[in-house]
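**Q** Pasting a structure below so you can have a look.
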Amino acid sequence: MGLDWHGHDDRGLGLANALSAIEAGAERVHAPALGVGERVGNTPLELLLANLAFLAGTEPDAARSVNTPSTSPTRLGIAIPDNHPLVGANAFRTATGVHAAAIVKALGKGEALADRVYSSVSVSRFSNGHDIRIGYMSGTSNVVHWLKRHSIEPSDVLVTQILERARAANRVLRDDEVLAVVRAR
């Protein structure tokens, strides 16, 4: 009979403690999808699997990392937190100008390079790619990329109007808000 590890994430160290337990000889680690558990939860299974793959010098299995938690919320009646690594809506989203500019530049040089900008995993394997949004900290590259992705020809005037709208909102704009600026021109 081997040693089990069952840790909670009370101090935000659940994943680190689970990895340490494995390193110390634990043969089984309890880790539910999304870390769902009592109080603040347990070690998230998808993050444990991803980190074990990294430690082994390989890339995480995207299908297992994404599909396990994506089916769990329906069964458990919970939503995946937007800021959850790998599987949350914001995992590969940016609205900051410097980040978006680097990603857009990398996309111009190929998907393989873009997959690694600001990410430790192949973004295209874990999601539908980078999600560049427009917000109050965005720059021209955010707007131009967003417009082209939506088959809208960017112009200097339109880009300026959208950036002014984003800065006035002081948050990330929804797609319908950007489209409203496009339609108003």
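**Q** Any chance you could give the angle, 0 to 90 degrees and rounded to 10, that helix 175-184 forms with the longest Cα principal axis of the chain?
**A** Between the helix axis and the principal axis of the chain, the angle is about 0 degrees.
**Q** Which one, 19, 54, 144, is farthest towards the positive end of the dipole of the chain when Lys and Arg carry +1 and Asp and Glu -1 on their Cβ?
**A** Checking the options against the dipole of the chain, the answer is 144.
**Q** Given Cβ point charges of +1 (Lys, Arg) and -1 (Asp, Glu) and nothing else, what value in debye, to the nearest 20, does the dipole of the chain about its Cα centre take?
**A** 660
Where a number appears in this text, it was derived from the coordinates with a stated rule and is not lab data. No experiment lies behind these values; they were computed from the predicted model shown. Cβ sites come from the backbone with ideal geometry, for glycine too, and all protein chains shown count toward neighbours.
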